[in-house]
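What follows is a set of notes on a single structure, which appears directly below.
Computed from the coordinates by the stated procedures, all read-outs in this text should not be read as laboratory data. The shown structure was predicted, so the numbers you read here are calculated from the model rather than taken from an experiment. A quick note on method: Cβ atoms are made from the backbone with ideal geometry, for glycine too, and the neighbour counts reach across all protein chains shown.
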Amino acid sequence: MVSIPTDTVAVTEQQRLIASSIRSICEDFDDTYWREHDEAGRYPTEFARALADGGWFGILIPEQYGGGGMGTPETVVMFEEIAANGGGFSAAQAVHGSIYTSSPIVRYGSDSLKEEYLPKFAAGEATVPAFGLTEPNAGSDSTSMEATAVRDGDEYVINGQKIWISRVDQSDYILLMARTTPKSEVEKRTEGISMFLVDIERVEEAGQLSMDKIPKTASNFVHSFQLYLEDVRVPADHLVGEEGSGFYQMLDGLNEERLVIAAECIGLGELAVDRGVKYANEREVFERPIGQNQAIQHPLAEAHTRVQAAKAMTYSAADQVDDDDSEVGARANMAKYLAADAAFDAADAAVQTHGGFGVAREYDVERYFREARLTRLVPIAQELVLNYVGEQVLGLPRSY
């Protein structure tokens, strides 16, 4: 567990209790657990089940459906603790979708959809951690997606491909995005996209869905896939929200999720600094601890400073999410940018502190470095954040 000082922001009593509860769960999963799961590429089922059994998958689901009815200030604490207490960014990502992918159903799902599925999701009896948006020929330009959904009586028929879709192998359902109106036929490119709740097992058994696992070098126990959708039939009442409004429904709540990603980066950064500090105090060269050398001290101290500065912005923005503040989008994006860079610097400092052992699996910091590099790419690249800030905050011309 992290022993460096990280209580640098004011928190409520509820946030403090959440931190303590999550920390208690994480204590049952030590460094060896995460190291072995990363090396084997094995999903942390036991950890996910512990969170589900504690009701944490339902933290954002309203109480009337069996959830916790909490909000962003609480989830940023939860995910920072998960990352900071040994699991890193990958541990947070392993369960991230189980909590956030249900949010569009809470906001836009029909009453029947909410009543049937939200209690199951809140109790962890069923999971929907997979979100099907990205496509091979679209990438960050989501409005250029080619997957189509055509109404056929009481069903929609979906065809197309998706890529970099995570946790499909751990999902009972996937929230899938597809065009119900061609891009050429809408006034705005963001129109004509719809959102569907799809039963993965049912469409797999029908031979309508197949997938290929994507080999990768970071976040190894959170698997990503390319999906092939062939005449996937979805009941019409599994349309989430209004037909053609799916893109806007996806955007609603994006700020909150950006802040949670920032919190995961912060937790990873705190974990990396902590491991670097511990090694710097223990390792002796020339008959003194290497932490006595400023070449070791300064990078760790700077990394700690940057991580805690990102934490201040993240927590401040989280407190303002529900205030209908027009600046929340800017703060959420800037928080993610700062947190990802801070996490990378922290992991780099931890690896450098360990010297040759920095790339040895037994010291874990090499995993933190791989994960920290990933945070600068997902779920939004740092460059796209700067595009947003340039255009939306500074008033510069749109660059793309």
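Span-like helix criteria (full DSSP H runs; alpha carbon extent of at least 24 Å along the helix axis; mean Kyte-Doolittle hydropathy of at least -1.0) are satisfied in the chain by 254-282, 294-320, 328-353. Applying the criteria of a DSSP loop state and at most 14 other Cβ atoms within 10 Å to the GluC sites (Glu not before Pro) of segment 1-110 yields 27. Dividing the mean sequence gap of close Cα pairs (under 8 Å, 6+ apart) by how many residues segment 130-244 holds gives a relative contact order of 31 percent. Per-residue ellipticity at 222 nm from helix content only, as computed over the chain with -39500 (n - 2.57) for each DSSP H run of at least four residues, stands at -15000 deg cm²/dmol. With neighbours defined as other Cβ atoms within 10 Å of a residue's Cβ, the residues 199, 111, 237 order from fewest to most as 111, 237, 199.
Sequentially through segment 163-172, phi angles give Karplus couplings (6.51, -1.76, 1.60; θ = phi - 60°) of 9, 6, 9, 8, 6, 4, 5, 10, 10, 7 Hz, Gly and Pro residues having no value and appearing as x. GNM on the chain, alpha-carbon springs under 10 angstrom: the most fluctuating residue among 89, 225, 79 is 225.
Residues of segment 195-225 falling in the label zone of residue 378, defined by backbone nitrogen less than 16 Å from a point 7 Å along Cα to beta-carbon, are 212-225.
Cβ crowding within 10 Å, taken as a proxy for footprinting-reagent exposure, orders 201, 146 from fewest neighbours to most as 201, 146. Loop-located trypsin sites (Lys or Arg not before Pro) across segment 315-400 with a Cβ neighbour count of 14 or fewer within 10 Å are 398, with loop assigned by DSSP. Taken over the chain, lysine pairs spaced eight or more positions apart, or on distinct chains, with alpha carbons under 28 Å apart number 14. Charge tally around residue 124: other residues with Cβ under 11 Å, Lys/Arg +1 each, Asp/Glu -1 each, net -1. Modelled label positions at residue 185 and residue 283, each set 7 Å beyond Cα in the direction of Cβ, lie 6.2 nm from each other.
Taking only the alpha carbons of segment 228-316, we obtain Rg and Dmax values of 23.1, 72 Å in that order. Comparing Cα centroids, segment 138-215 and segment 303-376 end up 31 angstrom apart. Once the Cβ-Cβ distance of residue 236 and residue 361 is raised to the sixth power relative to R0 = 30 Å, the FRET efficiency obtained is 0.05.
On the principal axes of its alpha-carbon atoms, segment 1-138 has extents of 46, 41, 30 Å, going from largest to smallest. Derived value for the chain: Kirkwood hydrodynamic radius 21.8 Å. Basis is the mean of 1/r over every pair of different alpha-carbon atoms.
Could you tell me what a quarter of the Cα convex hull surface of segment 266-380 works out to, in nm² with one decimal place? The partial results should precede the final answer.
On the way: hull surface 29.6 nm².
Orientation-averaged projected area of the Cα hull: 7.4 nm².
Placing a label point 7 Å from the Cα of residue 111 along the Cα-to-Cβ direction, the residues of segment 52-75 whose backbone N falls under 16 Å from that point are 64-65. Under the simplified labelling scheme, the residue 40-residue 146 pair shows an inter-label distance of 3.9 nm, with each label point 7 Å from Cα along Cα→Cβ.
Using a cutoff of 8 angstrom between alpha carbon atoms and counting only pairs six or more residues apart, the relative contact order for the chain works out to 17 percent.
With the cut-off at under 19 Å, measuring from each backbone N in segment 152-181 to a point 7 Å along the Cα-to-Cβ line of residue 400 picks out 163-165. Couplings for segment 229-241, taken from phi via the Karplus curve 6.51 cos²θ - 1.76 cosθ + 1.60 with θ = phi - 60°, read 9, 10, 6, 5, 9, 10, x, 4, 6, 9, 5, 9, x Hz in order; Gly and Pro are left as x.
What FRET efficiency do you get for residue 294 and residue 32 if R0 is 30 Å and r is their Cβ-Cβ distance, rounded to the nearest 0.05? It comes to 0.35. Each of 56, 34 was scored by other Cβ atoms within 10 Å of its Cβ. Arranged with the fewest first, they read 34, 56. Here the label points at residue 125 and residue 155, each 7 Å from Cα along the C-beta direction, are separated by 2.6 nm in the simple model. The orientation-averaged projection of the convex hull spanning the C-alpha atoms of segment 130-244 amounts to 7.2 square nanometres.
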